1. Mind listing whichever residues of the range 362-378 are within 14 Å of A425 (Cβ to Cβ) and not charged (D, E, K, R)?
2. For the structure I just gave you, tell me whether S102 is without any contact (Cβ under 8 Å) to a residue 40 or more places away in the chain, polar (S, T, N, Q) and under 23 Å from L342 (Cβ atoms).
3. Test T67 against the stated conditions and say whether it is in contact (Cβ under 8 Å) with a residue 60 or more places away in the chain, within 15 Å of P403 (Cα to Cα) and not hydrophobic (A, V, I, L, M, F, W, C).
4. Among the listed residues F269, F293, F258, F306, identify the single one that is among the aromatic types (F, W, Y) and under 16 Å from S379 (Cβ atoms).
5. Going through the range 181-227 one residue at a time, which ones are over 28 Å from P170 (Cα atoms) and assigned to a loop (DSSP other than H, G, I, E, B)?
6. In the range 236-255, which residue that is crowded, with 16+ Cβ neighbours inside 10 Å, more than 19 Å from S278 (Cβ to Cβ) and among the hydrophobic types (A, V, I, L, M, F, W, C) is modelled with the lowest pLDDT?
7. Can you find a residue in the range 355-365 that is assigned to a helix (DSSP H, G or I), closer than 24 Å to A389 by Cα and touching a residue at least 24 places away in the same chain (Cβ under 8 Å)?
8. Just to check your reading of the model, which residue among D56, D7 is of a type outside the set (A, V, I, L, M, F, W, C), modelled with pLDDT under 95 and under 29 Å from L349 (Cβ atoms)?
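The values are calculated or read from the model by the stated rules, or taken from the named source; none is laboratory data. Predicted model only: the values in this text are computed from it and were never measured. Using ideal geometry, Cβ is built from the backbone for each residue, glycine included, and neighbour counts are taken over all protein chains shown.
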Amino acid sequence: MTASSLDYSFIFTVVFSAALVLGLLTRFYLASRQIRYVAQHSSRVPSAFAATISLDAHQKAASYTITKARFGLLEMAFGAAVLLGWTLLGGMDALNQAINQSGLAAYGSLVPQLALLAAFAVISGLLDLPFTLYSTFKIEERFGFNKMTFKLWLADLVKGAIVGVVIGLPIVALILWLMGSAGRLWWLWAWAAWMGFNLLILVLYPTVIAPLFNKFKPLDDEALKARVTALMQRCGFAAKGLFVMDGSKRSAHANAYFTGFGAAKRVVFYDTLLKQLSPGEVDAVLAHELGHFKHKHIIKRITGMFAMSLIGFALLGWLSSQVWFYTGMGVRLNISGANDALALLLFMLVVPLFSFFVSPVFAQFSRRHEFQADAYAVSQTDGADLSSALLKLYKDNASTLTPDPVFVKFYYSHPPASERLARMASLRTQPSLENAA
């Protein structure tokens, strides 16, 4: 290793450490602001909601938000410690050396690399399990949202692991093979493979993957079906079918969504949503989702994903050839074996540290899209129905009505209830503003 490599290695270690500390402090600061702000505004329902939201419901939402935020502080601290353990404290290096000494190299260069990725995934999953269990069976249970039994949770875990192996292993193996065999521009071929894989998943998810975890039955409410079908025809939208998902067997939270891609698109309603909302409110919620298609938000997001992935693969292509990238993260290079799996893992650990600081930009775009979808729904259905539906969903999902403004700008992909409802009220009196929302 040259003196220059040592210098770059030290610089990268310092930059990585600084990003880790600064990111953790920023997250703690934002979470602390959210906890204080929500607690300070929990004693009184905001005047805009006083007629529709009870003090008990408002305080339940505040308590739920604060509880999750406090638990999030613990998760953040633990996550930072684990990241430090994997990198500068030698965890990844030790795991890599153990794989190298296991004799798997006798089966080819790909096998030990896949073993390294699999071992990392298993260990990371085991480290996350206590937090997942506590969140599901303590926090969600305490506030009346969890409907899962431990048996169902365990079945989901096993199914998820099997799906991950069946779907994830081939694409990871392909990327590793490309890294070792496709020359200097391997990252471009890997990006193309990754994008093709994601598009395939969009097509397969509704009919192959999702039914492994939930039951989907055709919407059998003829009046609602006619109403929804008329709305979609009016909006120029075609779907493969209208389905109801048994979301209530896992959670009391409600939702509706489109899934699939191209001709495989489906409209899916949670059974909990249909129980909570009137037909007009269901219509309005669906119109909001149609608004995302009207404004081409889905295409824009997929295009954005393509562009960001291309940049990511190009960056990985460069970093994987830099010795300081490995040594700066506390990992020794394999002298006789391939280092491609190491590069992948280290890249996945490092990138979130730096992308966190630009996340408010993407959150801002997402909130703008939500305003546009709301405006479209108001133009296509009764805006009062959308407002009342959102109020019910905020109440039933225990979403706080008084989030901290700074926390919102950094994290929220959807605008707060007060901003959405105020914007909708103005649109109901000025419907021509829909396209400028």
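1. The answer is F371, A375, A377, V378.
2. yes
3. When the stated conditions are applied, T67 passes them.
4. F293
5. Scanning the range 181-227 gives L219, D220, D221.
6. It comes out as A239.
7. Yes, the range 355-365 has at least one match.
8. Result of the check over D56, D7: D7.
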